[in-house]
1. Could you look through the range 28-64, keep only residues that are small (Gly, Ala, Ser), touching a residue at least 24 places away in the same chain (Cβ under 8 Å) and surrounded by 14 or more Cβ atoms within 10 Å (Cβ to Cβ), and pick out the one that is nearest to Val98 (Cα to Cα)?
2. Does the range 90-111 include one or more residues that are surrounded by 10 or more Cβ atoms within 10 Å (Cβ to Cβ), modelled with pLDDT under 80 and either assigned to a loop (DSSP other than H, G, I, E, B) or not basic (Lys, Arg) (or both)?
3. Being out of contact with any Lys or Arg (no Cβ under 9 Å at 6 or more places or on another chain) and of a type outside the set (Asp, Glu) is the filter here, so list the residues in the range 42-64 that pass it.
4. In the range 112-126, how many are of a type in the set (A, V, I, L, M), modelled with pLDDT under 90 and not in a helix (DSSP H, G or I)?
5. Need the failing condition index for Leu151 against (1) at pLDDT below 90; (2) surrounded by 11 or more Cβ atoms within 10 Å (Cβ to Cβ); (3) in the same structural domain as Gln24 (by TED's automatic domain parsing), just the number.
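The values are calculated or read from the model by the stated rules, or taken from the named source; none is laboratory data. All figures in this text were calculated on a predicted structure; none of them were measured in a lab. We place every Cβ from the backbone using ideal geometry, glycine too, and count neighbours over all the protein chains shown.
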Amino acid sequence: MGDVVVKDGTYRAKVIDYGVGETQGGSAQLIIMFEFEAEGAKHRRMWFGSLKEGQEGKKSAREVTAAALAVCGFRLDGDLGAFADGPASGQLDLNKEVDIVLGTETYNGKTNQKIKWVNEIGGGAFRERLSKGEATQKLQGISLKGELMALGKTKAKESEEVPF
C-alpha cells in the first residue's frame, strides 16, 4: 500500500481511520483516512475537513465537511468530540463504500494529490429527482424516438455482422 500518485479521478473507497487534527493556523480539523484500489494495488489517502464558517451566500467549508461526514455515515446525533477516538467511537461507518475524487493541485510551491470530494456512490444528481409534474414540464416536446430507432438499426446491423 503506497502513497504513490495514481491517475486523478473517482475511486470507490472505505473509511479505515479518522480523528481530529490541527491546521497550520491552530484550528481543529477533521481527518479521515480512506483506502481504495487503483491500478491493481491498494492505496490510502487522507481527507481534511475544515470547520471554518463561510461567507454569506457562499457554501462554507464547514458545510462541505458536514456533507462529507454524512456520506461517511455520521449521524445527526453524532458526537464530534468522540470523533477524536477514531473508529472505536463508531461515529463513521467503516463498512460503507463512498466515491472519493482525487485531484492534483499545487499549494505553496508543492504539488500534491488530494481528495477533493467525498460523494455518495454515483454522485448526487439522482438524489435531486424531479417530481412527476416538474419532469413532464421539462421534457415537454422532447422525443428520443429518432435516436432510439437509429440505435435499433445500428444494433440490428451489428448483430447481422457477428459470425456465430
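1. Ala38
2. no
3. Of everything in the range 42-64, those that are out of contact with any Lys or Arg (no Cβ under 9 Å at 6 or more places or on another chain) and of a type outside the set (Asp, Glu) turn out to be Lys42, His43, Arg44, Gln55, Gly57, Lys58, Lys59, Val64.
4. 0
5. (3) is the only condition that Leu151 fails.
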